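The values are calculated or read from the model by the stated rules, or taken from the named source; none is laboratory data. Since we're looking at a predicted model, the values are computed, not measured. Counting neighbours? That spans all protein chains shown, and the Cβs are built from the backbone with ideal geometry, glycine included. Side chains are part of the model used for accessible areas, which takes the heavy atoms of the whole protein and leaves out ligands, DNA and RNA. Shrake-Rupley method; radii C 1.70, N 1.55, O 1.52, S 1.80 Å.
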Amino acid sequence: MELTRIQDMKTRGKGVLSDVFSEYKDDSAFYWGDQWAGQEGARRLAGRQSVVFNRCPSLIHPVVNAVKQAPPAIRILPLGQGATKEAAAHVAARIRMIERECKASKARLYALQCAAIGGIGVWRSIPKMVRGRWTTCSETIIDPRTVIPDASSMEPDFSDARWVLHERKVHRSRLAKLFAASNLASQFEMVDDSAANADELVNVTECWYLDDDGTVCRCTATDTEVLAFFVGEEAQTVEKFTGLKELPYSFVTGDFYQDDAGVRHYSSLTRYAKADQVAINYAENEWISDIVMTPKTQFIGEADAIEDYEEDWATAHTTARPFLKVKSLQGKIEPFSPPDKSARFMAFSQSHRQSMTEVTGVAPTQGPVMDPISGKSVKLQQSQAAVSTYHYVDALNAAIEHDGRVYLDQMRTYENDDTVRACLGEDGVSVTPVSFGPGQVQGAENIDLHGAEFGVAVSTGPSYGSQLEQVQDLVVDLCGRVPALAPVLLPLVVRRTAIPESEDVIQALNLMLPPNVQQMLAQKGDKGAQLAMVMNQAQQAGQMVQQMQMQMQQLAQALKESQQALATRGAIQERDNDAKRQIAEIQARNELLIKQMDKDLSLRNDLILQHAKAQDNEELEGQRAGHNIVTGFAGRMGMPAPSRSFDHT
């Protein structure tokens, strides 16, 4: 790029923004205390005060502090081509780490402050070679007037700009090292690593622009030449950042309007408050001047009443005399009350303070400084200074969204190289190793930024600490209502706090989780839950071993009892055998007795039968003898004999 073209771009850009830069200069000077417009000398000659009672910072600080309390966060959205929510979360975590390393919040808050003070603020996030590796660096730009955006840009925040010029002052020695192929370097002679003009500051203009392919390029020029650098042995004046598509400058602007001539203007809080601030200064200073110039005399009297004591009376208001001497009090000295004009000036000042609040829409924060992490503090300060939806905060969010695209653009170009990098969690403490690139690296998440499409958004709301406090209140309430939930919910809160020994507390709480919850968390990669699961498994294994030992002891006891029972059973069996033998002997004796009894009974029966027969025979013989006697007697007597014979049967 030629020097004349850069100078032409600068002229056109400054011409379009001349009023913007002039108004920024006036507003900034007024904000920092130049509020009397050169009238101090005239007032001093007139015996009037010209002190500045600056109320402007009380309007700017609530806007900046509101963003500090609830900082906007860059969110990465998966849009397709293999992009997932998990991959988007890791990309957002990497951006958080970059923001922390380069202190991006400092640059953004300063740009917001500049916009609130003078209507425009800007910062940049550029790639730098640090220790042999390209790194994204967010830089604070102290004076926004040094950045000249595209004169043809139509968007109020210059988001459609095709080029941006940045005027800087750089030491000649540094320029000579960076641009060794330029005339500046050839004219710069180093002697023993030093030179008389080494610390001389040189006006430099960096020109960042998009070429015909939409690639970001940078060209650096002084007032006299375009600086060149060596690539190998070839001298070049344009540095082309292949792969980058987003210009690295982000603008925060006030309310935008154009006058009838088409000239841009950006409003600022300082400009809104100027009239009231001037009135406050006048009222406060007139009140002071009134107090200073009002007579302090408390008495009036005739001159001869204090004759010989004039010195005592003249210094009465600066001494601690318990009494004053006079020659006479009768009709010569009377009390005197000087007029009091301070009340009207104080009322005038208070009315303009109220008017300043109404005009700007920002109420100065009152009360003690509170803990910035406390959610209750955030709510209180936001209620006192209602700026959460203020225009300047919206403008900052839009600038941060553009900055997020710059980060993502530079990550795709310089970090998609299969190198493991640290990614910062939302809690600002936990770090996850992630490898961006097409390869697969062991021990880290692997995401190919070229193979996925992501979008950028900005989320606003309570800070992480405020959200955590709200979650803590909710968890405590739930645990009070349902105590069984405590082992499940408390690890989620403890994991996000910075209490000492939190890991030990989490492990102890994880041990109390139900087995199904431990298994779910372990499957999701929760190391605490995995450890708790392993410890529970070990505990269960220990319990199983204890149970087996108890079972073995029970078996041993049962075996002992069985052995004792067997020994007892043997004794019983022996007794049974003895009893059986005795029974058998008794049975044998009984059988012998029975047989003997049967024999004796048979013999007895035989004897009885024989005896019965004998008796029967004797009876028959008697009957036969009687029959014979009767028969013989009848014959002798001549009587008839029995008709039948004697039957002996």
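What to note about this one:
- Using the alpha carbons alone, the radius of gyration of segment 13-77 stands to its Kirkwood radius in an Rg to Rh ratio of 1.21.
- In segment 86-220, the portion of solvent-accessible area held by carbon and sulfur atoms comes to 47 percent [1.4 Å probe, whole percent, DNA, RNA and ligands not counted].
- Computing FRET efficiency as 1/(1 + (r/R0)^6) for residue 554 and residue 579, where r is the C-beta to C-beta distance and R0 is 45 Å, gives about 0.80.
- The largest accessible area among 8, 211 belongs to the first residue in 8, 211, and the rest follow in falling order (1.4 Å probe, all chains).
- Local electrostatic count, residue 136, Cβ distance below 13 Å [Lys/Arg +1, Asp/Glu -1]: +3
- Proximal charge balance of residue 36 [Cβ under 14 Å; K/R count +1, D/E count -1]: -1
- Per-residue SASA entry for residue 308, accessible area with 1.4 Å probe, Å² rounded to 10: 110 Å²
- Packing order of peptides 73-79, 61-67, 437-443, highest average first: 61-67, 73-79, 437-443 (average count of other Cβ atoms within 10 Å over each peptide's residues).
- Debye intensity ratio in log₁₀ form over the Cα atoms of segment 1-124, taken at each q of 0.17, 0.23 Å⁻¹: -1.01, -1.22
- Accessible area in square angstrom per residue, segment 40-88, 1.4 angstrom probe: 52 Å²
- Rounded accessible area per residue of segment 92-221, 1.4 Å, Å²: 46 Å²
- Placing dummy labels 7 Å off each Cα toward the beta-carbon, the span from residue 240 to residue 263 is 4.1 nm.
- Protection proxy ranking, highest mean first, for peptides 573-584, 241-252: 241-252, 573-584, where packing is the per-residue count of other beta-carbon atoms within 10 Å, averaged.
- Accessible area in the full protein assembly, largest first, 1.4 Å probe, for 124, 100, 218: 100, 218, 124
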